[in-house]
């Protein structure tokens, strides 16, 4: 927040969050009106929608009890997370390589510490930004009476943690790319291309799976390449099955750990 | 006791097909001030970068205080570096930056601010403590960078072009600061400014196209222990009359091995036997003869001057 980039990103993110929150709340309002405020009908609508999207009946039943404005907001947040991560992280290391500021640090710190510090520090910034925008959305939903304080401490907190874990995977990729280039603009372009590739993987997998499900009427398991897309782990993280949640946490945190180790080793060898 | 503060043994660095440094070997004694000299592309900055751990040598051994430069854990408090053209972190204040640097050098938290303030004071920048690094002028930023290099009294300090781009007054202050540190640590200076190096350094390594073309003490490089030079006024010629340079009489001095007068450059060069007399004695004897002959003298120097020596070598 000390730089022009930081201020601009902060303002854009907060404005975007406010607009998204209002949209999510209005969707919930509209859904509730259509369901004539009949809670069972409304919950069943949600359950059907989630089941169609994920092919997981247990998850659909579980998530149907969550406030839909917060659920919609989570989806928007994690969909936009790569964008936020790319803009926050693209010059984290590349900028200091270009300005050679990194030379002050590498004389006094291990390069692995520098790399891990950059990744974890930027992840913490993104987590904080996500917390602020979640609080904003939670506040709007609470003011409209669509969620209770209790739901904010259960679903709200869980949704934020899901977003943070997924953002961690994106941040690991962005930091690895940033540490591989001296020109921040090259790092930014490469980050966008890689992120787009991963989004394409996830989207193609999702489309193919949904088409099969609709044509056969039987829920189809996601293909392996859907899991190359970090956002695909949201359904596992929200699952009522603790085994699935643990698997997703291990995969995402493990991925960040592998990138820290591998990225540090690469950064150790490179000229600064 | 450490034999050498800095040691390079058959070090090469290649960037693709280009060889920037080719089999360089030299060492620098503990406590000395040593220069890295050479024209652009000679390999000074590449060698400097390998010493600081920024670059990995393609071949050979680079050691600072007996350790590989990337052994950060053991060198962080013992090695200070002033990198060339490295921007300070723009968002940090000068105080934050220096305290961070001190903490990273394992200086305890309670002492870090004191050390940082002292280092900043030494570069006459105590008023900049609260200023953002991004708002500093080039000269101020250079001095803050110099302060971090000398922070915590490291045993070896590497300075890459410490006075480049500074106005004469600031450059003078920087030279004074480096001179004041002489004897308290080993200093390696890479610079284009040969007069500056001649006045600051005990010795130097002269590089050209990635190779060492000469190295030694400053006296050895400039032949200051075996030659004196005198410049005379325009219009002066060789001869024995009043106002003329009596070359033969100079040659007949007992300690003099040879004496030449270059009428084009108006320079008398006297080579002497260093074991029989020192430069000051020879200057006195030569001046005595020249003054007796009423030769108008405009300058006296020991040796050839580093600049001339480097011009001859590169």
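Rule-based calculations on the coordinates, nothing more; no lab input. Note that the structure is predicted; figures quoted are calculated from it, not measured. Here the Cβ is made from the backbone with ideal geometry for all residues, glycine too, and neighbour counts use every protein chain on show.
In chain B, the DSSP-assigned H stretches of four residues or longer account for a calculated mean residue ellipticity at 222 nm of -9500 deg cm²/dmol, using -39500 (n - 2.57) per stretch and the full residue count as denominator. For the options A:12, A:133, A:260, a Gaussian network treatment of chain A with springs between C-alpha atoms closer than 10 Å singles out A:12 as fluctuating the most. Relative to the compact-globule estimate of 2.2 N^0.38 Å, the Cα radius of gyration of segment B:78-194 comes out at 0.98. In terms of overall dimensions, the C-alpha atoms belonging to segment B:142-212 reach 34, 29, 19 Å along their principal axes, ordered largest to smallest. Would you please state the base-10 log of I(q)/I(0) at q = 0.26 1/Å for segment B:187-260, with intensities from the Debye formula using one equal scatterer on every alpha carbon? Here log10 of I(q) over I(0) equals -1.20.
Our note on the geometry: Cα centres of segment B:185-200 and segment B:1-24, 19 Å apart.
Normalised by 2.2 N^0.38 Å, where N is the number of residues, the alpha-carbon radius of gyration of chain B equals 1.18. Looking at the protein assembly as shown, the DSSP beta bridges with both ends there are about 65 percent antiparallel.
Our analysis of segment A:106-226 gives Rg over Rh at 1.10, with the two radii drawn from alpha carbon positions and Rh computed by the Kirkwood formula. Mind grabbing the base-10 log of I(q)/I(0) for the protein assembly as shown at q = 0.06, 0.09, 0.12 Å⁻¹? Debye formula, identical points on the C-alpha positions, no solvent, two decimal places. Computed log10 I(q)/I(0) values: -0.49, -0.83, -1.14. Projected onto its three principal axes, the C-alpha set of segment B:223-313 covers 35, 29, 17 Å, listed from the longest axis down. Pairwise inverse Cα distances across segment B:1-122, averaged and inverted, put the Kirkwood hydrodynamic radius at 16.2 Å. Mean-square fluctuations from a GNM of chain A, with a 10 angstrom spring cutoff on Cα atoms, peak among A:221, A:86, A:72 at A:221. Remark on segment A:4-269: Rg and Dmax equal 19.9, 66 Å (Cα only). If you take the Cα centroid of segment B:126-169 and the Cα centroid of segment B:233-260, the two points sit 49 Å apart.
Provide the percentage of antiparallel DSSP beta bridges, counting only those with both residues in segment B:6-218; round to the nearest 5. Percentage antiparallel, nearest 5: 55.
Restricting the calculation to alpha carbons of segment B:81-148 gives Rg and Dmax of 10.8, 31 angstrom.
Look at A:267, A:181, A:73 and count the other Cβ atoms within 10 Å of each Cβ; fewest to most, that gives A:181, A:267, A:73. A P(r) calculated from all alpha carbon pairs of segment B:20-62, with 10 Å bins opening at zero, reads 25, 58, 17 percent.
Would you work out if segment B:144-287 is rounded, prolate or oblate? Take a ≥ b ≥ c from the square roots of the eigenvalues of the alpha-carbon gyration tensor; rounded if a/c is under 1.5, else prolate when a/b is larger than b/c, oblate otherwise. Taking the square roots of the gyration eigenvalues as a ≥ b ≥ c, segment B:144-287 is prolate. Across B:79, B:197, B:55, mean-square fluctuation computed from a Gaussian network of chain B (C-alpha pairs under 10 Å connected) peaks at B:55.
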